[in-house]
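Have a look at the structure below, then the notes.
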Amino acid sequence: MKQLEELPERKRDQHENVQESEKQPLSSVKSSVFLVQWKPCRETHSTVKDFLLKLQRCLGAVCGMQWYAYATLGITMALLSFLMDFSVAKMLGAQQWLYGQLEGNFLLQFLCWTLYPACLCALAATFCQSICPFSTGSGIPEVRTMLAGIDMPLYLSLTNMFSKFLGLFCTLAAGSTVFLGKVGPFVHLSTMFAAYLDNMFSLLQGIKKEKTSDMLVVAAAVGVASCFGAPVSETVQALFKTNFPSALPFYPLEIVLFAFLGLLCGAVGCCYLFCHRWILQFTKTNPLFIRMQTEKGLYSAGVVFFLACLTFPPSTGQYMASEYTTKELLTSLLDCRQWSSLSHNASVHQELSLKWNTSEMPLLLSLAFFLLMKIWMLVLACTLPLPAGYFMPMFVLGAAGGRLLGEGVAHVFSTGVVFGHHWDSVYPGVYALAGAAALSGAVTHTLSPALLAVELTGQFSHAVPILLATLLANGLARSGNRPSFYDAISINKKLPHLPSLVKAYPQISLTTVAHILEKDSVQLQKAAGPEEVRHIVVASVQLQIPVVDSEDSQILVGFVQRSELLKFLHHCKTQNLQQQMDDVCCIQPVSSLLSPSSTVDMAYSMMSVLELQTLFVADKGKLVGCLTWSKMKEILQALAKEN
């Protein structure tokens with residue numbers, strides 16, 4: 001009964017509301033409608049949200065959420081690497097099948113061999129330029145700059161990730177004609193996905209992260225491991241499994257030959273780096289080349305068509321084993337057998353004749369021709385505006401050079417003309433592996449290729465000669481303050497990365513900190529009052545403010561956090577007291593000090609290694625100034641723009 005009585009009143013209220021809404025202007029009605037937040041499936045949404053919160057608490061109780069992010073990163077990048085390798089293998093297999101079906105028709109085979117990679121690379125260049133121009137190139141110089149603390153959000157966007165993945169697929173599907181790899185772009189892809197994961201897991205935890213450098217470091221390692229399957233340990237199954245005998249891995253005298261191989265690879269690396277720097281400078285200054293590069297797709301198609309003509313098997317490609325893919329090239333070069341001694345075996349001779357050995361050119365000359373041609377062709381391919389890696393091509397070229405020396409050594413020592421002894425257990429594949437590590441290490445100025453070479457094959461018996469060759473090649477390539485391959489790209493792109501700037505401007509290493517310090521540095525006296533503290537808080541945004549004993553002495557006592565100063569001001573305001581700063585704030589001691597005569601690169605190294613946001617500079621205990629990380633980034637960016 002009560003409900004029946006209330007019913008007319010409800011209808012009356014509704015009728016009055018309708019009348020009032022009719023009297024209101026239409027714009028106000030629309031605004032009131034849009035102010036109502038309508039959400040579909042509210043009950044389902046809250047149920048899912050509660051489930052995610054419970055799942056987060058359960059997972060967080062087992063281990064930190066960051067570990068789940070690491071696991072997600074590793075599994076996802078491994079799946080992406082497998083998917084890309086599988087798809088590229090299918091594309092290359094389709095091209096080889098079509099090329100074989102056209103046997104007997106020279107023109108159609110030529111068009112199949114040349115137009116296929118040219119169209120793919122033109123598509124990759126056009127797509128990347130249209131979607132995200134930052135997706136071209138290797139990506140490792142940009143990753144190094146981001147790991148140094150420089151913010152580059154455009155290089156971590158999901159659009160860049162999508163563009164780089166599809167562009168890299170087209171580049172790899174072009175095959176060994178272009179002769180480019182995937183290591184660098186995959187490291188960049190891994191860091192982009194890691195940045196997205198880090199933000200997502202931070203939102204799930206309800207925290208705000210300012211730096212993601214730890215996640216990016218892990219991502220860089222994951223990118224390399226997903227390409228080679230070689231973390232810092234012996235893998236379950238080596239990617240390029242070898243069967244070098246471990247009973248007598250090498251003769252003691254061969255150490256001298258491995259050292260010679262390292263010096264030879266270092267010299268070749270210096271020549272390649274010189275040509276690479278020259279082509280980078282040429283593409284920026286030559287008017288004709290600049291005009292050609294305005295149409296990225298057309299330029300890529302033209303260059304790749306030219307390279308494909310050179311690698312066409314019935315022409316000069318027959319002397320470069322052009323029908324091999326990059327993986328097949330490396331597998332054949334790491335073969336432990338002596339090709340020269342197996343030439344009498346009909347089956348082996350026929351197998352080698354299909355690729356390396358021809359009736360017109362002996363095997364050793366084919367290796368030398370392959371090495372000479374591929375070096376300058378790779379220099380030209382580096383100008384392509386495509387997502388591409390440059391480490392694996394240098395690894396293969398080093399293997400070819402090591403194989404060439406190994407075959408020569410095996411032939412000479414097997415005849416017994418040296419020292420009157422027959423050395424039948426000389427394995428050219430070992431020289432190929434040492435040459436691969438040495439040349440790639442010389443070009444990148446790193447020693448990690450030595451460990452990578454050992455892990456790729458799964459055998460540690462030849463670690464000593466490989467490391468020796470890599471060390472000597474590295475030492476020769478670093479002489480004369482030459483920039484590495486990635487340093488040269490950083491200099492060309494004007495990326496604010498100090499090691500690159502040191503190579504471009506050697507005088508930077510002599511620049512002292514006193515030249516870059518601000519004249520009027522922010523500081524507080526130990527007995528500062530609220531007014532002085534308020535003035536410093538308003539005038540400066542530093543998180544760590546230096547504290548001196550007095551204005552006259554300028555003796556550095558320590559530093560105080562900005563949050564402590566804000567608490568001090570709040571305390572003085574609420575208590576209505578005039579207290580000194582040291583009575584309330586905690587003055588922390590300074591653990592790292594820098595002299596004004598210290599160099600900029602020394603300050604950069606200290607701030608990077610120790611992860612310092614502020615570095616105080618003092619002379620005989622007296623405060624001279626402070627160098628913040630934001631100031632250091634401004635200095636690097638300014639120097640990069642001047643380059």
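Brief remarks on what is shown
- Taking the C-alpha atoms of the stretch 468-613, convex hull volume expressed per residue in Å³: 152 Å³
- Packing, taken as the mean count of other beta carbons within 10 Å per residue, orders the peptides 325-331, 293-299 from highest to lowest as 325-331, 293-299.
- Sequence-ordered 3J(HN,Hα) estimates for the stretch 322-338 from the Karplus curve with 6.51, -1.76 and 1.60 and θ = phi - 60° stand at 6, 6, 7, 6, 4, 5, 5, 4, 5, 4, 5, 6, 8, 4, 7, 6, 8 Hz, glycine and proline given as x.
- For Gly137, the residues 5 or more places off, or on other chains, whose built amide H falls under 5 Å of its own are Leu386, Ala388.
- Amide hydrogen neighbours beyond the local backbone of Gly558, cut-off 5 Å, H modeled: Val547
- Exposure of Thr285 as accessible area (Å², to 10), given a probe of 1.4 Å and all protein chains: 80 Å²
- Under Karplus coefficients 6.51, -1.76 and 1.60, residue-wise ³J(HN,Hα) of the stretch 611-617 in Hz, glycine/proline x: 6, 8, 8, 9, 10, 8, 10
- Accessible-area order (highest first, 1.4 angstrom probe) of the listed residues Arg478, Arg277, Arg534, Arg291: Arg291, Arg478, Arg534, Arg277
- Accessible surface of the stretch 104-155, 1.4 Å probe, proportion on carbon and sulfur as whole %: 75 percent
- Less than 5 angstrom separates the built amide H of Val624 from those of Val617, Ala618, Asp619, all sequence-distant by 5 or more or on a different chain.
- Phi-derived couplings, Karplus 6.51 cos²θ - 1.76 cosθ + 1.60 at θ = phi - 60°, listed residue by residue for the stretch 553-563: 6, 6, 6, 6, 8, x, 9, 10, 6, 4, 4 Hz, with x used for Gly and Pro.
- Listed residues His497, His571 arranged by accessible area, highest first, probe 1.4 Å: His571, His497
The values are calculated or read from the model by the stated rules, or taken from the named source; none is laboratory data. None of these values were measured; they are calculated from a predicted model. Using ideal geometry, Cβ is built from the backbone for each residue, glycine included, and neighbour counts are taken over all protein chains shown. These area figures cover heavy atoms from the full protein model, side chains too; ligands, DNA and RNA do not enter into them. Shrake-Rupley method; radii C 1.70, N 1.55, O 1.52, S 1.80 Å.
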